[in-house]
2 protein chains.
Amino acid sequence: MPNEIFLTMSISMLNTALEARVQAFEAQVNLSRHDIKVLMHLTEPKRMGALAEDLQVLPSTLTAVADRLEQNGLLQRTRDRQDRRAWLLEVTDAGSTLQARARAMATEGFRTLTGLDTAEIETFVNLMQKAMNNMTAESCLVEVKP
Amino acid sequence: MPNEIFLTMSISMLNTALEARVQAFEAQVNLSRHDIKVLMHLTEPKRMGALAEDLQVLPSTLTAVADRLEQNGLLQRTRDRQDRRAWLLEVTDAGSTLQARARAMATEGFRTLTGLDTAEIETFVNLMQKAMNNMTAESCLVEVKP
DNA sequence: AAAAAATGTTTCATTTAGCGAACTAAATTC
DNA sequence: GAATTTAGTTCGCTAAATGAAACATTTTTT
């Protein structure tokens, strides 16, 4: 099996396992794992469109998610002063608290699941940083559009 | 941001991007990307239950997928001689051909998307091998069950 | 040996998540 | 100023997954 295929399949399986581990947390915070994932991507205030791009979904997909997170007091929508069509999504204090809990859980989960040590994790980070840079700089993502 | 969080998010984004690249192929072969993913996991004959475990879904999820792949002549179901309740899924010649095409496409896609060179890919494989071994040996996957 | 429990897969109703066209309002282009 | 494009929402639709129940078979218990 070519290395790239092994990696593609392994990445998928690891991703699935990491997402599955969010299951217990879902019940605790009354959010779906997709909602949690969206919240975790809000490391800074972002426009709906930019967030959709990050997550590679259509903006219409995020409307309901933003509604739920807003209703749960975890984020707030504010108009972008530079373009009154646009909304900025910003995490609230409650949202930050939840993000911190989710990060702690995910950090521990990642280690438990993969069994990688600190040096290996740093190597992994270097590889993924290069991959992420390549994905964005080269604009070789498949653009999500209708 | 802790390394583990960066990795968790990057793995998710890379996985999404890899899956998105299957889109053109879907139209060519008249299968959904989920069907293609299931087919690609059949590197050897497997039981429905084992395949479900690999993919971390319930067996009921795979019934319709197996139906479509069988109807397309890409796999066949045979009874497991060791347990007549169980079905073995085995890729047909046509299925192997499609797998080969998908592998070629995914191999090229992986390189293009990540920009990683051969040495980096080998490092990545070592890390992922350790992670996969840990995931299965430690039985620390969240068991998928109703 | 018979009965009970467990397992493997399917069926089918339900839920969830995403798409995509159409819409409104705002910005940009001509 | 008018036409075109963009940002996000609405809403109908589809696909994918769950999960309980059913059936057949196997395994375990009595």
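Within the listed set A:83, A:54, A:67, the residue fluctuating most in the Gaussian network model of chain A (springs between alpha-carbon atoms under 10 angstrom) is A:83. Each of A:39, A:78, A:57 was scored by the projection of its Cα onto the charge dipole of the stretch A:38-95, and the greatest displacement toward the positive side belongs to A:78; charges sit on the C-beta of Lys, Arg, Asp and Glu. Starting from the label point of residue A:108 at 7 Å along Cα→Cβ, the same points in the other copies fall at 4.6 nm, in ascending order. In terms of its C-alpha gyration tensor, the stretch A:67-146 comes out oblate, because a/c is 1.5 or above while a/b does not outweigh b/c. Across the identical copies, the label point of residue B:78 (7 Å from Cα in the Cβ direction) is separated from its matches by 6.6 nm, in order from shortest.
Interface of A with B. Using a 1.4 Å probe and counting protein heavy atoms only, the two chains hide about 5300 Å² of accessible surface, both sides summed.
Split the accessible area of the stretch A:3-115 by element, probe 1.4 Å, and carbon with sulfur accounts for 49%.
Along the axis of the charge dipole computed for the protein assembly as shown (Cβ charges of +1 for Lys and Arg, -1 for Asp and Glu, origin at the Cα centre), the listed residues A:94, A:129, A:113 are led at the positive end by A:94.
Rounded to the nearest 20 debye, the dipole magnitude of the stretch A:3-115 is 180 debye, with +1 charges on Lys and Arg beta carbons, -1 on Asp and Glu beta carbons, and the Cα centre as origin.
In debye, nearest 20, what is the charge dipole magnitude of the stretch A:66-146 about its Cα centre with +1 on Lys and Arg Cβ and -1 on Asp and Glu Cβ, if you could check? Intermediate results must be reported in sequence, preceding the final value.
Working: 11 positive and 12 negative charges, 79 e Å.
My answer is approximately 380 debye.
To the nearest 10 square angstrom, how much accessible area does residue B:130 have with a 1.4 angstrom probe? About 70 Å², ignoring ligands and nucleic acids.
Given axes a ≥ b ≥ c from the Cα gyration tensor, I'd like to know whether the stretch A:1-50 is rounded (a/c under 1.5), prolate (a/b larger than b/c) or oblate.
Note, shape of the stretch A:1-50 comes out oblate.
Extents of chain B, largest first, come to 50, 37, 26 Å (Cα atoms, principal axes, whole angstrom).
Based on protein heavy atoms only, the stretch B:32-146 ends up with 55 Å² per residue of surface accessible to a 1.4 Å probe. For the protein assembly as shown, the square roots a ≥ b ≥ c of the C-alpha gyration tensor eigenvalues yield an a/c of 1.5 or more together with a/b exceeding b/c, which makes the shape prolate.
The values are calculated or read from the model by the stated rules, or taken from the named source; none is laboratory data. It should be emphasised that the depicted structure is a prediction, and the values quoted were computed from it without experimental measurement. Cβ atoms come from the backbone with ideal geometry, glycine included; neighbour counts cover every protein chain shown. Ligands, DNA and RNA are excluded from the accessible area calculation, which covers all protein heavy atoms including side chains. Shrake-Rupley method; radii C 1.70, N 1.55, O 1.52, S 1.80 Å.
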